[in-house]
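Taking it in order: structure first as C-alpha cells, then the write-up.
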C-alpha cells in the first residue's frame, strides 16, 4: 500500500490563504512584541522599516481625516461623505504598499478625487489663489490644513520607499491630488463661513 500524497503544494496553500480575508479574533496578538510586524506577503519586518513608516503615516493621515469628518458634521454632509470615501481608499493604498494580494488603489479612485477637487475649485471666488494664505481659519478648516500637511509627509515617505521598493505611479498621483483637494476644501470651508483669510505678509517681521 503506497502512502498518499497531497496534490496541493505549500505554495498553492499559501496563495489560497492570501486570497481569503483574515478575521480579527483579538487585537492583542503579541506577535509584534519584538518590534516586528507582518507584511501582506507573510514576511516579517521591523516596525521601523520604510514600508511600515509609510503605512503608519497613512494611518496618522486617516485619523486626522476622521477628525475632519467629525468636525464637518451634517452641515457639510457632502464633504463629510467624500472624506469617508477617501479614508477607505487610504486603507486600500496602505494594503497595496505592504504587499496585500487582495487589494490595490484603483484608477477610479484617482479620477473621482480629481473631479471633486475641480468641483470645489470651480465654486471658489475668482482670485482666491493669487497669494499664499496662512494655515488655519475656522476650526474645521484648520483640521483640514493639518491633514494636508500630514498628507504631504506621507507622499514624501512614499517617495523614500520608492527608492528601494517600486511603487506604482498612481499611488504618488493620488497622494499629490489629495493634498490639492484638502487645500481647496479648507479654502472653501473658510469662504462658506465668511472667514477673512490672513495672507502671508511678505515684509520682514520686526
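The numbers here are math on the coordinates, done by the rules we state, and not lab data. These numbers were taken from a predicted model, which means no experiment stands behind them. Cβ placement follows ideal geometry from the backbone for every residue including glycine, while neighbour counts extend to all protein chains displayed.
Once you keep just the Cα pairs under 8 angstrom separated by 6 or more residues, what percentage relative contact order results for region 55-174?
On the way: 78 pairs, mean separation 41.5, N = 120.
Contact order relative to length: 35 percent.
Calculate, in nm to one decimal, what residue 77 and residue 121 gain on full extension: separation in residues at 0.36 nm each, minus their alpha carbon distance. Don't jump to the answer; show the numbers that get you there.
Details: separation 44, 0.36 × 44 = 15.84 nm, distance 1.81 nm.
Once the chain is fully extended between residue 77 and residue 121, it gains 14.0 nm.
If neighbour count is taken as other Cβ atoms inside 10 Å, put 153, 202 in order from fewest to most. Working shown, then result.
Working: 153 14, 202 7.
So the residues, fewest neighbours to most, are 202, 153.
Find the Cα radius of gyration of region 72-196, compare it with 2.2 N^0.38 Å by division, and give the number to two decimals.
Its radius of gyration relative to the 2.2 N^0.38 Å reference: 1.12.
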